[in-house]
Amino acid sequence: MLIDGFNREVDYLRISVTERCNFRCQYCMPDKPFSWKPKENLLSFEDMFLFVKAGIDEGIKKIRITGGEPLLREDLDKFIKMIHDYDSSVDLALTTNAYLLPKVAQKLKDAGLKRVNISLDSLKPEVAKQIAQKDVLKDVLEGIDKAIEVGLKVKINMVPLKGINDNEIVDILEFCKQRDIEVRYIEYMENAIAKDDLKGLYGREILTQIERKHIVSKIGRIGSSPSFSYKTKDGYKFGMIDPHKHDFCETCNRIRLTAEGFLIPCLYFEDAMSIKEAVKNKDIQKAVEILKIVLKNKPEKNKWSEDDTETSSRAFYETGG
Ligand code: SAM
Ligand code: SF4
């Protein structure tokens, strides 16, 4: 079992397999051109897997693959299969913009993927295009359909933005309700990389819009999830991730690995350590030692602040959201 310095059990590993993306979402990585770190810096899936195996042996039970856009990375299905074949009880999930999902959903499911969280910020082609800075909606919707069709458990993530997609909060709820998939609204987190004039909605404002159409009751936070669950009178369950009000740190069970091999104890905390050398040298004991140091250094609380986006900034695309 992995325990951090504040007695929290850490059993959830989030892996960002690439910082690159085929979208340029206004809240994440709006500016082009963009200087990517060289591909040679990336950890290979074989090296990543050595660390993943050690992590599972030490107590990791849930793994989420994210990015950047994880579907841009070749052989992702093979990486998923390696993990699944090693321990099929690991809860294996993926977060994606779904643009490339129609072609690979079946392959990922066959490899052992169980769940997929898909970002869907608008049902209007021109608004989706405005947010992602690319004409994406048709492919994203096909990706959602395909994921459902092949039997992946799907959740939708929406980031409501003032004056852009905040009139679609209920529409997205209805879209998800019709397909019996959960939507989770994520408050926009201010950061120095996002477009300057962007404003998000607070969780309370999002709920108010839903309550104009539905009678909503609270369910609560389930386990270590950052999402607070609600349900409509007819039993449809949806979630709210509201970091402006809650910091989720008390029950944090996660640790992050970047595409370049840095283990990050907490978002908005610079104390990351690299496992790259250790796994390249097949020195698993060393990698586990580093994991334990990083866990010991995991701070009690994150230092993100809505008003101080410079010092508390991080690149969502690098750490995986
Ligand atoms: N490319 C994939 C996607 O968009 O789903 C995975 C990576 S993305 C960084 C993971 C999640 O972070 C997405 O749900 C996205 O909406 C969210 N995200 C990115 N920037 C954000 C911000 N500034 N505030 C809140 N959520 C953000
Ligand atoms: Fe790409 Fe996801 Fe960031 Fe959008 S939120 S730019 S899809 S990594």
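The values are calculated or read from the model by the stated rules, or taken from the named source; none is laboratory data. It should be emphasised that the depicted structure is a prediction, and the values quoted were computed from it without experimental measurement. We place every Cβ from the backbone using ideal geometry, glycine too, and count neighbours over all the protein chains shown. What goes into the accessible areas is simple: the full protein's heavy atoms, side chains included, and nothing from ligands, DNA or RNA. Shrake-Rupley method; radii C 1.70, N 1.55, O 1.52, S 1.80 Å.
For Ile65, the residues 5 or more places off, or on other chains, whose built amide H falls under 5 Å of its own are Ile15, Ala93, Leu94, Thr95. Counting 0.36 nm for each residue step from Asp75 to Lys296 and taking away their Cα separation leaves a gain of 76.2 nm.
With semi-axes defined as the square roots of five times the eigenvalues of the C-alpha gyration tensor, the equivalent ellipsoid of the range 23-91 measures 28, 14, 11 Å, largest first.
Average accessible surface for the range 1-113: 42 Å² per residue, computed with a 1.4 Å probe over protein heavy atoms with every protein chain in place.
Beta bridges per DSSP, both residues in the chain: antiparallel share near 35 percent.
Oblate is the label for the range 194-258, because a/c, from the alpha-carbon gyration tensor with a ≥ b ≥ c as root eigenvalues, is 1.5 or above and a/b does not exceed b/c. Close amide H contacts of Leu161 (hydrogens built in the peptide plane, cut-off under 5 Å, sequence separation of 5 or more or a different chain): Asp166.
Just need log10 I(q)/I(0) for the range 159-269 at q = 0.19, 0.24 Å⁻¹, Debye formula, equal scatterers on the alpha-carbon atoms, no solvent, rounded to two decimals. Cα-only, vacuum Debye calculation for the range 159-269: -1.08, -1.36.
For the chain, with all protein chains present and a 1.4 Å probe, just round the carbon and sulfur fraction of the accessible area to a whole percent.
49
Report note on the peptides 253-263, 4-14: ranked by the mean count of other C-beta atoms within 10 Å, highest first, their order is 253-263, 4-14. Nearest 5 is fine: what % of DSSP beta bridges in the range 99-228 come out antiparallel, could you say? Bridges in the range 99-228 are about 20 percent antiparallel.
Would you mind putting 212-221, 195-204 in packing order, based on average other-beta-carbon counts within 10 Å, highest first?
195-204, 212-221
Within the chain, all pairs of alpha-carbon atoms sorted by distance into 10 Å bins from zero give the percentages 6, 26, 36, 25, 6, 0.
Hull volume per residue, based on the alpha-carbon atoms of the range 102-219 and their convex hull, is 129 Å³. By the beta carbon rule, with partners counted only under 4.7 Å, the chain holds these lone Cys residues: Cys21, Cys176, Cys249, Cys252, Cys266. Net charge in the neighbourhood of Lys61 (other residues with Cβ under 15 Å of its Cβ; Lys, Arg +1, Asp, Glu -1) is +2. Note on the chain: helix-only mean residue ellipticity at 222 nm, from DSSP H runs of 4+ residues weighted -39500 (n - 2.57) and normalised by residue number, equals -9000 deg cm²/dmol.
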